[in-house]
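All remarks here apply to the structure that follows.
The values are calculated or read from the model by the stated rules, or taken from the named source; none is laboratory data. Note that this is a predicted model, so its numbers are computed, not measured. Methodologically, a virtual Cβ is constructed for each residue, glycine included, from the backbone with ideal geometry; neighbour enumeration extends over all protein chains shown. Note: accessible area is taken over every heavy atom of the protein model, side chains too, but ligands, DNA and RNA are not part of it. Shrake-Rupley method; radii C 1.70, N 1.55, O 1.52, S 1.80 Å.
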Amino acid sequence: MKKSNNFDCYVKTVHNKPASCAVNKAYIEFNEKQDFPFVGCIRVFMKMPEENGLSSNDEYETLTSIEKELVSYTEFSQDAIYVGRSTSDGMRDFYIYLDDYERHIEPIEKVMSQFSEYEFELGFRPDETWDVYYRFLLHQQDHN
């Protein structure tokens with residue numbers, strides 16, 4: 001499977017708070033979604049967000065490094081796809097679609113251990129229709 005990058009960035013409102021999002025639009029017409037039925041969210045709690053809850057310049061380099069490491073992990077793995085991120089309310093969420101989440105927990109925790117000064121949470125759930133991608137990141141109401 002060839003992984004592509006076509007990121008679009010925009011600002012929206014999530015739970016009445018400003019949010020910035022970046023989404024990889026290369027997967028809009030992706031035909032292998034059924035092979036990646038789980039979505040994972042790696043939530044990083046920022047240390048110095050702006051007053052509005054978005055990221056500050058003070059954390060730009062570290063947040064970019066975290067994202068690069070997660071992207072590298074998904075590029076190395078044939079069973080994980082990085083599709084985007086959202087930033088709001090002092091948190092940055094990175095979204096990855098997976099074939100099976102259990103065997104990805106330890107490697108993702110290993111990636112995050114490089115940034116031990118940051119608290120993070122991992123969450124996984126079934127998402128066979130890629131609702132997080134289409135409805136949240138792309139903000140599309142209807143998709144198939």
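Give me the count of lysine pairs in the range 1-99 whose alpha carbons sit under 24 angstrom apart, restricted to pairs 8 or more positions apart or on different chains. Value for the range 1-99: 15. The shape of the range 72-144 comes out oblate: with a ≥ b ≥ c from the C-alpha gyration tensor, a/c is at least 1.5 while a/b does not beat b/c. By accessible area, using a 1.4 Å probe on protein heavy atoms only, the range 1-85 has 45% of its surface on carbon and sulfur. Magnitude of the charge dipole for the chain, about its Cα centre and with charges confined to Cβ atoms of Lys, Arg (+1) and Asp, Glu (-1), is about 320 debye.
In this structure Ile28 has an accessible area near 50 Å², from a 1.4 Å probe over the protein heavy atoms. Ranked by solvent-accessible area (1.4 Å probe, protein heavy atoms only, all chains present), the residues Lys68, Lys12 order from largest to smallest as Lys68, Lys12. With helices as the sole contributors, the chain gives -6500 deg cm²/dmol at 222 nm; each DSSP H run of n ≥ 4 counts as -39500 (n - 2.57), and the sum is divided by every residue.
Surface calculation, 1.4 Å probe, protein heavy atoms: Arg125 sits at approximately 120 Å² accessible. For the range 57-144, GluC sites (Glu not before Pro) meeting the loop criterion (DSSP other than H, G, I, E, B) and having at most 15 other Cβ atoms within 10 Å: Glu117, Glu119, Glu128.
Between (i) 14.5, 41; (ii) 15.2, 51; (iii) 16.6, 50, which matches Rg and Dmax of the Cα atoms in Å calculated for the structure shown? Among (i) 14.5, 41; (ii) 15.2, 51; (iii) 16.6, 50, the one derived from this structure is (i).
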